[in-house]
1. Counting pairs of Cα atoms in segment 325-395, how many percent are more than 18 Å apart?
2. Just for the Cα atoms in segment 109-182, what are the lengths along the principal axes, largest first, rounded to whole Å?
3. Mind checking which helices in the chain clear 30 Å along their axis (Cα) and have mean Kyte-Doolittle hydropathy of 0.0 or more, DSSP H runs only?
4. Kindly write out, for segment 292-307 in residue order, the coupling ³J(HN,Hα) from the Karplus curve 6.51 cos²θ - 1.76 cosθ + 1.60 (θ = phi - 60°), rounded to whole Hz, with x marking Gly and Pro.
5. On full extension of the chain, what length is gained from Tyr259 through Gln28, given 0.36 nm per residue of separation minus the C-alpha to C-alpha distance?
6. In which sequence would Arg274, Arg349 go, from the one with the fewest C-beta neighbours within 10 Å to the one with the most?
7. Placing +1 on the Cβ of each Lys and Arg and -1 on the Cβ of each Asp and Glu in segment 36-184, which of Ala68, Ala36, Gln78 has its Cα farthest towards the positive end of the resulting dipole?
8. Run the dipole for the chain about the Cα centre, Lys and Arg Cβ at +1, Asp and Glu Cβ at -1, nothing else charged, and hand back the magnitude in debye, nearest 20.
Amino acid sequence: MSQGVCILGSTGSIGCNTLDVISRNLDQYSVRVLTAHSNWQKLLEQCKNYQPEKVIIADQQSAELLTAELRKLNLSIQVESGRDAIINAARTPGVEIVVAAIVGAAGLLPTLTAVECGLKVLLANKEALVMSGELFMNAVKAHRAILLPVDSEHNAIFQSLPGADDNGLASLEGVHKILLTGSGGPFRQLPLNELSQVTPDQACAHPNWDMGRKISVDSATMMNKGLELIEACFLFGVPLEQIEIVVHPQSIVHSMVSYADGSVIAQMGNPDMRTPIAHTLAWPSRIEAGVEPLNFFEMSNLTFESPDFERFPGLKLAAQAMQVGGTAPCTLNAANEVAVEAFLAGKIRFTDIAPVIRKTMEHVEVREAQNLQTIIEVDQLSREFALSVVEQRGQ
Ligand code: NDP
Ligand code: MG
């Protein structure tokens, strides 16, 4: 019997990679629901290739265009539109696995629905967890959802930890430290005085990974590693001090766990998101991902270095947000989303991103992150303030 899959954000980089893995394992998985924001052309192509039961597209006009095209092709696929339909996507009968691959805070509610339905949730959308931390993890436990990390580092950590219960909650027995690796992005060695001049296209040209534009900019500022630090604390229930960031420019080791007895276990592989996607889809089994195994005889030197906190101020801001706790990570994430969007739109410089976040964190009051309402309010307030900082900088 094949398992029904819903992909939240199917038209993105993670979404397309997930469909590629599914296409190699059609005996085990069937595509039930696909969602997108506005890219109806890509969704149409996916409808032709995978014949889902339902597609949901947030933008109303795109939904109309898609419906018309599907009719011409005589494809009887249900089309829904609007934000609420995306939030409820996981409730579609027959959905057993939900891939959370919407980018940013927009993914929070749709992902939480999947958790509340007690489904198997494959989490790529790290921003959702960073925003809602404990609340998210409590919901996972309360609804007995199975939460599995798609983010390559967290997937590597998950694979290197001693084991996990049936719900994917990993054991920490004998663990000394978690070593979170990161490539350092495209500007690791750029002279510091040139950083302010880099363009969005340069920032999005990651040396090892092909990803969506938002996470590509996050990788260039290393805020991605900052968000991942917070993600790891919540996912694995470890304090900040037990996680160390290790810069590894080749992206072959995807993260490591060091143990009390001196052992270090690493997960390695070519930098291809189909590996962690296939791992989580099939867990605790293994399936074909279409990824070439490593060729150790052709591999260049693997190097490791400590992160440069002066070059990447976002790293410290993220650690600080986690230390403060409450809604501080939510504010960090919201301000980062606003700043990255402004940078991509040419409104601020690359080096303005961290100051926008810092100013927002200084301004927005930290609250207890007890309920969803508070988190949504703080997200909104932080966005408004960050936007006002962007406007001042852009003048
Ligand atoms: P992309 O930008 O490539 O794709 C984003 C997806 O989300 C698209 O399907 C997009 O639809 C949809 N979307 C965007 N905004 C909204 C919205 N407001 N409402 C509903 N849907 C929306 O992102 P990635 O695939 O790169 O990343 C997705 C998530 O996975 C991010 O959280 C990222 O941090 C994480 N991740 C990504 C990795 C990667 O290799 N790409 C690696 C590890 C984590 P549309 O196409 O119509 O705009
Ligand atoms: Mg990652």
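Nothing in this text is a laboratory measurement; each read-out follows from the coordinates by a stated rule. Note that the coordinates shown come from a computational prediction; the quantities given were computed from them, not determined experimentally. In this analysis, Cβ positions are derived from the backbone assuming ideal geometry, glycine residues included, and neighbour counts consider all displayed protein chains.
1. Counting every Cα pair in segment 325-395, those more than 18 Å apart make up 31 percent.
2. 33, 26, 18
3. TM-like helix candidates: 372-394.
4. With coefficients 6.51, -1.76 and 1.60, one gets 5, x, 5, 10, 5, 7, 9, 6, 7, 4, 9, 10, 9, 8, 7, x Hz.
5. Additional length available on full extension: 79.6 nm.
6. Ranking Arg274, Arg349 by Cβ neighbours within 10 Å, fewest first, gives Arg349, Arg274.
7. Ala68
8. Its charge dipole is roughly 560 debye.
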